[in-house]
Amino acid sequence: MAKRSIAAILLTLSMSTFALDNIGIHQSYYVTEKGRPVTIKSEIPSSDSGFATTWSPDEFFYQKDIVDVFGGNYIVLDTDGIIHTIDSQGNMYKELDAYADSKVKIAGHNYFITRNGQIVVVKNDGSIGKTDAGFERVRESKAGGMYFFHNNKLMIPNIFSGENNELAYSTSARRAERDGVLHLDGRVKVYGDSFFITDENIVYTIGFKFKTVRVIREDRRGRRTEETETNYFPEVYKTSLPSHMNHESIAKKGGNFFMDARGNLYTIADNATLRNHGVVPGKEGQMPRLVGGNYMIFNDGSLFQVDENGFVSYVQQVRDRIIATNANRSN
C-alpha cells in the first residue's frame, strides 16, 4: 500500500454560507441479541419521504466472537482487512482488504488506528478514505470519536474527504492569538465524538463547513506541497459550560450529545452548534439505559435520536435485547 501524507494543514481562504444539507456525520447503529444490526440515519427523514429513520439490512449478521471492534460508522471483523461500513443514510457496505493485518488499538467514530500504527478513515458515504502509517504513539486516552491529539496537534480525520486534517493549537492564550491557532484552555477530561470538555469547564465542539482552503501537505521527508481545495472541512468552536455545571457533572455522553446529572440534554449539530434542550420530553428524572453515537434508549425501550441539526426526536420503541452499541470505545 502506498504511503500517503500524514496530515493536511488547513488555511481558510473563503467560506460558503450554506450549511450541511442532508449530509450527516453521525450515522449510528446497534446490534440485537439475534445478531441483527439496526442502523440509525444521521437525519430524521421528512414525514412525506416514505423513508424510516432506522433500518435492519438482511445480509449482515454479527456475533461478538467474529468482531474485532464495534466502531462508530463501521464494524471491523476478526478477519484480515474486512470492514463493514455505514453511510449517512443507514446503508451498510462490505469493504474487503481495507487495511493491513493488525488488531484495532483505538476505535473512533469514523476512524480507527491499528496496533501497528495504521489509521483508517471511513467516510460519510461508507467508503474508505486514505490510510496512513506512523500513528503508533497515539494514546487511547487522547482520542475522541472524530479527533485525536498527536504530536501537539489536534488531528481530525475528515469524514468527507477521508484525509487527516491537522489543526495547530496552543495552551497559551497569548501565543494562540499571536499565531492565529486554537487556544486549548485546560486539560481535556471528557471525550465525545464531536466534542471535548476541559478541566476549565470549556466545551470544544467540532463541526464541518463547506469552504475553500489552502491545503499544505508534508511527506515523510519534510517536503511540502500546497493546493486549493473546496470541500467540507472541520471547524472548532469553544464555549463555557453553564454555571451550574462542571466537567465532573457529565452523567451520560453519546457521540453528539451529553447529559448533566439533572438530566439536561446538550447536543452538538453537524456545524458544531451547541444546544441545551433541558430534559428530554416525558423523561423527567430518568437517564438513558443505553447510548450510541446519535441516539439514547431509556428503560421503557423508547429510542430518541439527535439529528444533524442537534434536535432530539422520539423514533421508536426497541423491544429486542441489545448486545452492542456504537458508543465511542475510547475514553
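Summary table
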item: Test: residue in the stretch 42-65 that is surrounded by fewer than 19 Cβ atoms within 10 Å (Cβ to Cβ), at pLDDT 90 or above and on the phi > 0 side of the Ramachandran plot; result: no
item: Unmet criterion (only one of (1) without any contact (Cβ under 8 Å) to a residue 12 or more places away in the chain; (2) under 23 Å from Val120 (Cα atoms)) for Asn165; result: (1)
item: Qualifying residue in the stretch 145-158 (condition: in contact with a Pro (Cβ under 8 Å, 6 or more places away or on another chain), part of a loop (DSSP other than H, G, I, E, B) and aliphatic (A, V, I, L, M)); result: yes
item: Enumeration of residues in the stretch 90-113 that are in a loop (DSSP other than H, G, I, E, B), touching a residue at least 60 places away in the same chain (Cβ under 8 Å) and within 26 Å of Asp58 (Cα to Cα); result: Gly90, Gly108, His109, Asn110
item: When residues of the stretch 135-162 are limited to those that are modelled with pLDDT of 95 or more and of a type in the set (Phe, Trp, Tyr), the one surrounded by the fewest Cβ atoms within 10 Å (Cβ to Cβ); result: Phe149
item: Glu284, sole failed condition from (1) buried (at least 19 other Cβ atoms within 10 Å of the Cβ); (2) over 30 Å from Lys209 (Cβ atoms); result: (1)
item: Any hit, the stretch 288-301, residues being on the phi > 0 side of the Ramachandran plot and at pLDDT 95 or above; result: yes
item: Verdict on Pro57 being in contact with a strand residue (DSSP E or B) (Cβ under 8 Å, 6 or more places away or on another chain) and under 20 Å from Gly255 (Cα atoms); result: no
item: Total residues in the stretch 177-206, condition touching a residue at least 60 places away in the same chain (Cβ under 8 Å) and in contact with an Asp or Glu (Cβ under 6 Å, 6 or more places away or on another chain); result: 0
item: Strands (runs of 3 or more DSSP E) within the stretch 166-280 that include 3 or more residues of a type outside the set (Phe, Trp, Tyr), more than 22 Å from Glu308 (Cβ to Cβ) and modelled with pLDDT under 95; result: 202-218, 224-240
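The values are calculated or read from the model by the stated rules, or taken from the named source; none is laboratory data. Keep in mind the model is a prediction, meaning the values are calculated, not measured. In this analysis, Cβ positions are derived from the backbone assuming ideal geometry, glycine residues included, and neighbour counts consider all displayed protein chains.
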